[in-house]
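J.: There's a structure below that I have some questions on.
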Amino acid sequence: MKKLLFFAVLCLSVSAISAQTKEELEQQKAEKQAEVDAAQAEVKALQAKIDALPGWRKGAFGTIGGSLSNFNNWYAQGVPNNASGNIGFTLNAFANLIEEDFFWRNSLTTNLNWVKFDDKDIATDDDSFRTATDVFNISSLYGRNIAKNLAASALAEYRTTILDNFNDPGYLDIGIGATWTPIENLVVVVHPLNYNFVFADEDTVFNSSLGAKIVADYTRQIGAIAFKTNLSAFQSYESGDLSNWTWTNSFSYTLWKMIGVGFDFGLRSNKQEALNYSINTLGNAGETFDTVDNDLQSYYTIGLSYKF
């Protein structure tokens with residue numbers, strides 16, 4: 001009986017000691033967590049001060065997507081012997097010089113994609129990768145501050161394709177006006193005096209003109225998420241048929257170290273490109289600006305992302 005009583009008391013004592021040890025450990029953990037939270041707050045405050053200092057801000061992120069497949073004698077499908085693939089990547093990069101009296105913002109956006117589908121039972125079938133998406137945009141914005149969030153500015157922006165038909169067409173916007181930065185990371189450009197140079201072999205469709213340029217760009221990183229949205233629009237004073245706009249968006253979420261997932265999509269409206277495609281690709285020789293269907297252009301890319 002004494003042994004049983006002693007054993008029971010011992011077990012209760014061990015339980016009490018264990019419970020007390022767990023409480024002490026949880027208390028120590030809470031104290032350490034509070035120290036970590038305080039340190040992280042200090043780091044964020046210091047980083048905010050660093051970001052506010054004059055100087056260069058540089059960064060880049062992109063998306064890589066792709067797949068390859070090969071089938072031999074897979075009779076359940078319509079083409080039992082084939083090789084197919086899809087490879088693409090996007091890149092968003094910026095280099096901004098921010099000073100007290102002026103700024104110089106530079107950005108690069110590109111989206112390239114190749115696809116192939118080779119029917120191995122057809123000897124003349126094209127077995128190479130063909131261009132599917134071809135987007136290239138580079139811009140440079142200089143501004144001189146005239147108020148806290150307002151600056152007199154000049155913009156040069158160039159858009160084209162680089163894999164197929166380089167600079168055919170190519171668009172170069174050069175203009176002056178004002179730039180508004182209402183909040184951090186948001187840049188709104190309004191240039192009522194802008195000339196849209198259009199370079200193309202088929203000059204009967206593509207024409208340069210004077211007009212207004214509007215650009216809105218928001219680029220930001222929040223933790224593991226990086227995203228960029230950019231709207232670039234030109235309104236011709238000569239004719240609405242010569243106007244155009246492009247809206248591109250890029251999202252990247254880092255999962256492990258510098259690798260994550262990314263999603264890009266873009267929309268565009270350009271009546272000159274629609275007319276050129278109808279006449280020179282579809283063979284509609286009698287097509288005009290009044291009769292052509294200016295369908296909304298779009299693309300998207302999903303895949304792995306890499307943060308530079």
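J.: Could you tell me, in Å, what Rg and Dmax come out for the Cα atoms of the range 219-296?
T.: 18.3, 56
J.: Helix 271-280 versus the longest principal axis of the chain: what is the Cα-based angle in degrees, 0 to 90, to the nearest 10?
T.: For helix 271-280, the angle is close to 60 degrees.
J.: So, one more: Strictly over 23 Å apart at the Cα level, which of Lys44/Lys257; Lys32/Lys58; Lys228/Lys257 would you flag in this model?
T.: In this structure, Lys32/Lys58 lie more than 23 Å apart at Cα.
J.: Of the candidates Gln235, Gln33, Gln297, which one comes out as most mobile in a Gaussian network treatment of the chain with C-alpha springs shorter than 10 Å?
T.: Residue with maximal mean-square fluctuation among Gln235, Gln33, Gln297: Gln33.
J.: What does the net charge come to around Arg144 if you take all other residues with beta carbon closer than 15 Å to its beta carbon, with K and R at +1 and D and E at -1?
T.: Values: positive: Arg105, Lys148; negative: Glu99, Glu100, Asp101.
Summing Lys/Arg as +1 and Asp/Glu as -1 gives -1.
J.: Mind jotting down the distance between the C-alpha centroids of the range 180-217 and the range 114-162, whole Å?
T.: Centre-to-centre distance over Cα atoms comes out at 16 Å.
J.: Using the 10 angstrom Cβ neighbour count as an exposure proxy, how do Tyr277, Tyr195 rank, fewest first?
T.: With the fewest neighbours first, Tyr277, Tyr195 line up as Tyr195, Tyr277.
Just so you know, all these numbers are worked out from the coordinates, no wet-lab data involved. Only a predicted model underlies this, so the values are computations on that prediction, with no experimental measurement involved. FYI the Cβ positions are ideal-geometry reconstructions off the backbone, even for glycines, and counts take in every protein chain you see.
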